[in-house]
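Asks: Quick one: the structure is below, and I'll ask about it shortly.
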Amino acid sequence: MNFSIKKICCIGAGYVGGPTMTMMASKCPNLIFNVVDINEERIKLWNHKDLSKLPIFEPGLRELITKTRGKNLFFSTNIKKAISTADIVFISVNTPTKIRGLGAGKSSDLKWVEASAREVARYSEGHTIVVEKSTLPVRTAEVIQNILYSAETNSKKEDISFSVLSNPEFLAEGTAIKDLETPDRVLIGGENEMAMLALSEIYEVWVPKDKILFTNIWSSELAKLTSNAFLAQRISSINSISAICEVTGADVREVSRAIGRDSRIGSKFLDSGPGFGGSCFKKDILNLVYLAEYFGLNEVANFWEGVVNINNWHQRRITEVVIKKLYGTISEKKIVVLGFAFKANTNDTRESAAIKICKDLINEGANLVINDPKVSAEQIENDLQIEENSSGKMKGEASIKNKTGQWSFSRDLNIFNDAHAVLVLTEWEEYKHIKWDLAVKEMVKPCWVFDARSIVDIEMVKKAGIKLWRLGDGSEEEKMTNF
Ligand code: UDX
Ligand code: UDX
């Protein structure tokens, strides 16, 4: 069967669905893209006249929205209509780690994927290509297929049929538009060759054919998990080395540069930082761990779980360094936290290292002033589950029970007065240009800058007389004498 593609539906207007459909719409003006979501508020923001109100921040997104929205790209909550008229349905809903039941803490909760598949089964007409766009545990396509194929045989509508494809998205937040414009590869997994070619034709409008890879559906699902696991593993590896650098007098930036020159290793993803965050890395590795355990491959499970364990340990390690350097106590000391997003150029905070580090610092009694150019105070409150300016009062808690430590938010950077320390957690460009010679005048002496992203101007910090700690910098540390 040859498929003629005119209308596309995407269920899920999130960090993946939104930018992906916007890019496709801008490249394929002859196709109609309906992006639907159950979250009315989110859809309102996607349709907001003021583009600064879009629900996600991505460099270059506003320009593409201006080009496409209302022309061939539409955001709505009318899921039924969007599915019934679609030739292709992308499922791009979120798949968080299960918090209870079988596989809790490791496997992904597929309830929204399942719900989406059921809606497709209910509302679709004719032949529909259903594409898994969310990152999913291996063999999820089977769940979708079972629901859809059962609809094929049981539906009163005679002519409905489905092809299920896996087409994982590899974009990284903060560079989503660039990644979508020039992807390293597009992966299409499936069995129905005509459906695979139909999807490929959309990408071929702007992606060179040799970058489009066809695999079976299970390889496609596993390749996405593996890709994220390998990337995260590099970060855990270099972060573990940063701890060794600090005690031996080595410098992790020099080590990264040196090993990255080996073409077999490559230079990317070797920046030591406060620990990886984001919606995918931890979740996808835990999915791999669950899969390996399920099949009795315990050594494989342990190997990958180690990547997540090091990441947790590393985040705690940063808090401990701050406490140690501030003479063993941070109670009632003001600490400025620069950055809350899990990386620069996004307003996303999912799994951000800042969440755990800030919670730990508040629990130790510190008074934090948190700055982030894109994340809102409401989001931070949600993540920390501690009310702003409340001496550690948990969200919804009636009274304050002997808690010290609090946090407040500031969008501007005029926040160094009376601070004992500044902790850099996200590599926002503005933090590279802080005038430390002015900031120091307002800080409590001796004062510290803890740079977990290697971005501050070292010379200026030192010249200002501020004590500097950089992740993985052993040059200032006591050297180990006995190996
Ligand atoms: C990402 C990736 O897609 C995925 O690979 C990863 O597994 C989880 O996170 P993302 O787009 O970043 O997804 O998620 P999110 O920003 O939470 O967006 C998902 C959207 O789906 C939300 O807006 C949510 O309201 C919507 N949704 C969820 C539906 O429309 N229907 C549902 O049944 C469930
Ligand atoms: C990741 C994958 O890169 C992407 O291909 C996939 O589709 C989704 O998951 P994302 O999580 O958006 O993308 O961002 P990424 O740039 O990978 O960063 C993830 C985390 O690793 C961030 O917290 C980042 O700060 C950290 N990181 C990244 C480092 O600490 N050091 C590095 O060298 C690179």
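Asks: Would you kindly calculate the translational diffusion coefficient of the chain, applying Stokes-Einstein with the Kirkwood radius from alpha carbon pairs, for 20 °C and a viscosity of 1.002 mPa s, and quote it in µm² s⁻¹ without decimals?
Replies: Estimated diffusion coefficient is 88 µm²/s.
Asks: Can you flag which of LYS98/LYS133; LYS283/LYS432; LYS435/LYS467 are past 23 Å Cα-Cα?
Replies: Numbers: LYS98/LYS133 19 Å; LYS283/LYS432 31 Å; LYS435/LYS467 15 Å.
Over 23 Å Cα-Cα: LYS283/LYS432.
Asks: Here's a follow-up. Can you compute the label reach from SER4? Point 7 Å from Cα along the Cβ direction, backbone N cut-off under 20 Å, restricted to segment 83-97.
Replies: 83-89
Asks: Also, I was wondering about something else. Semi-axes of segment 13-152's equivalent ellipsoid from the Cα gyration tensor, sqrt of 5 times each eigenvalue, largest first, rounded to whole Å? Before the final figure, lay out each step's value.
Replies: Working: eigenvalues 143, 75, 30 Å².
Gyration-tensor ellipsoid for segment 13-152: 27, 19, 12 Å.
Asks: Can I ask one more? Would you calculate the volume per residue, in Å³, of the smallest convex hull containing every Cα atom of segment 285-385?
Replies: Residue-normalised Cα hull volume stands at 118 Å³.
Asks: Here's a follow-up. Under a point-charge model restricted to the Cβ atoms of Lys and Arg (+1) and Asp and Glu (-1), what is the dipole moment magnitude of segment 223-344 relative to its Cα centre, in debye to the nearest 20?
Replies: Dipole about the Cα centre, nearest 20: 420 debye.
Asks: On the protein heavy atoms, probe 1.4 angstrom, tell me the percent of accessible surface of segment 304-381 carried by carbon and sulfur. Numbers along the way, then the final one.
Replies: Numbers: 1230 of 2720 Å².
After summing per-atom areas, the C and S share lands at 45 percent.
Asks: About the Cα centre of segment 76-147, how large is the charge dipole given +1 on each Lys and Arg Cβ and -1 on each Asp and Glu Cβ? Please answer in debye to the nearest 20.
Replies: Its charge dipole is roughly 300 debye.
Asks: Now for a separate question. Show which aspartates and glutamates lie in cross-link reach of LYS71 when reach means a straight Cα distance below 16 angstrom and same-chain residues fewer than eight apart are skipped.
Replies: Cross-link targets: GLU63.
Asks: Let me check against my output: what whole-number percent is the relative contact order of segment 1-156, with C-alpha pairs under 8 Å and at least 6 apart?
Replies: 25 percent
Asks: Could you put SER454, SER267 in order of accessible surface area, largest first, with the 1.4 Å probe and the full protein assembly present?
Replies: Values: SER454 45, SER267 85 Å².
Sorted descending by solvent-accessible area, the residues read SER267, SER454.
Asks: Which of the listed residues, TRP436, PHE342, LEU413, is farthest toward the dipole's positive end in segment 337-467, when Lys, Arg count +1 and Asp, Glu count -1 at the beta-carbon?
Replies: TRP436
Asks: What percentage of all Cα-Cα pairs in segment 161-220 are separated by more than 15 Å?
Replies: 48 percent
Asks: Quote the accessible area belonging to THR329 in square angstrom, nearest 10, computed with a 1.4 Å probe and with ligands, DNA and RNA left uncounted.
Replies: Approximately 60 Å² of THR329 is accessible to the 1.4 Å probe.
Asks: Let me ask you something else. Among GLY14, ALA292, PRO208, pick out the residue whose Cα is farthest towards the positive end of the charge dipole of the chain, where Lys and Arg carry +1 and Asp and Glu carry -1 on C-beta, about the Cα centre.
Replies: Going by the charge dipole, the pick is GLY14.
Asks: Related question: When only C-alpha pairs under 8 Å and at least 6 residues apart count, what is the relative contact order of segment 27-94, in percent? Walk me through the intermediate numbers first.
Replies: On the way: 49 pairs, mean separation 31.3, N = 68.
Over segment 27-94, the number comes to 46 percent.
Asks: Can I ask one more? For a quick check of understanding: with a 1.4 angstrom probe and all protein chains in place, what accessible area in square angstrom does ARG42 have, to the nearest ten?
Replies: Ignoring ligands and nucleic acids, ARG42 comes out at about 70 Å².
Asks: Near LYS209, which lysines are there with a Cα under 19 Å away, not counting those fewer than 8 places off in the same chain?
Replies: Within reach: LYS27, LYS178.
Asks: For a quick check of understanding: with a 1.4 angstrom probe and all protein chains in place, what accessible area in square angstrom does PHE57 have, to the nearest ten?
Replies: The value for PHE57 is about 50 Å².
Asks: Counting only heavy atoms of protein chains, what accessible area per residue, in Å², does the chain have with a probe of 1.4 Å? Write down the numbers at each step before the final one.
Replies: Details: 22310 Å² over 483 residues.
The answer is 46 Å² per residue.
Asks: Short version: ³J(HN,Hα) in whole Hz for each residue of segment 429-436, in order, from phi by Karplus 6.51 cos²θ - 1.76 cosθ + 1.60 (θ = phi - 60°), x for Gly and Pro, what are they?
Replies: The phi angles translate into 3, 4, 6, 6, 10, 5, 7, 5 Hz.
Asks: Something else about it: Which three extents, in angstrom, do the Cα atoms of segment 140-263 have along their principal axes, listed largest first?
Replies: If we take the Cα atoms of segment 140-263, the spans are 72, 30, 24 Å.
Asks: Can you list the aspartates and glutamates whose alpha carbon is less than 17 Å from that of LYS67, not counting same-chain residues fewer than 8 positions off?
Replies: By straight Cα distance, LYS67 reaches ASP50, GLU58, GLU181.
Asks: State the answer as a single residue: which of HIS48, ASN72, THR85 lies farthest towards the positive end of the charge dipole of segment 35-167, with beta carbon charges of +1 for Lys and Arg and -1 for Asp and Glu, about the Cα centre.
Replies: Going by the Cα projections, it comes out as HIS48.
Asks: Quick check on the chain: helices-only [θ] at 222 nm, where DSSP H runs of length 4 and up contribute -39,500 (n - 2.57) each and the sum goes over total residues. Nearest 500, please.
Replies: Numbers: 16 runs with 193 residues, N = 483.
Computed ellipticity for the chain at 222 nm equals -12500 deg cm²/dmol.
Asks: Kindly provide the Kirkwood hydrodynamic radius of segment 200-316 in Å, to one decimal, from all pairs of distinct alpha carbon atoms.
Replies: Its Kirkwood hydrodynamic radius stands at 16.2 Å.
Asks: Would you please give the residues with an amide H less than 5 Å from that of PHE162, counting only those at least 5 places away or on a separate chain, with H modeled from the backbone geometry?
Replies: Here THR128 satisfy the definition.
Asks: Please report, in debye to the nearest 20, how large the charge dipole of the chain is about its Cα centre when each Lys and Arg carries +1 at its beta carbon and each Asp and Glu carries -1 there.
Replies: Numbers: 62 positive and 63 negative charges, 119 e Å.
Here the size comes out at about 580 debye.
Asks: Angle, helix 193-204 long axis vs. longest principal axis of the chain, Cα atoms, 0 to 90°, nearest 10?
Replies: Taking Cα atoms only, the helix is inclined about 50 degrees.
The values are calculated or read from the model by the stated rules, or taken from the named source; none is laboratory data. These numbers come from a predicted model, not from an experiment. A quick note on method: Cβ atoms are made from the backbone with ideal geometry, for glycine too, and the neighbour counts reach across all protein chains shown. Note: areas computed on protein heavy atoms with side chains; ligands, DNA, RNA excluded. Shrake-Rupley method; radii C 1.70, N 1.55, O 1.52, S 1.80 Å.
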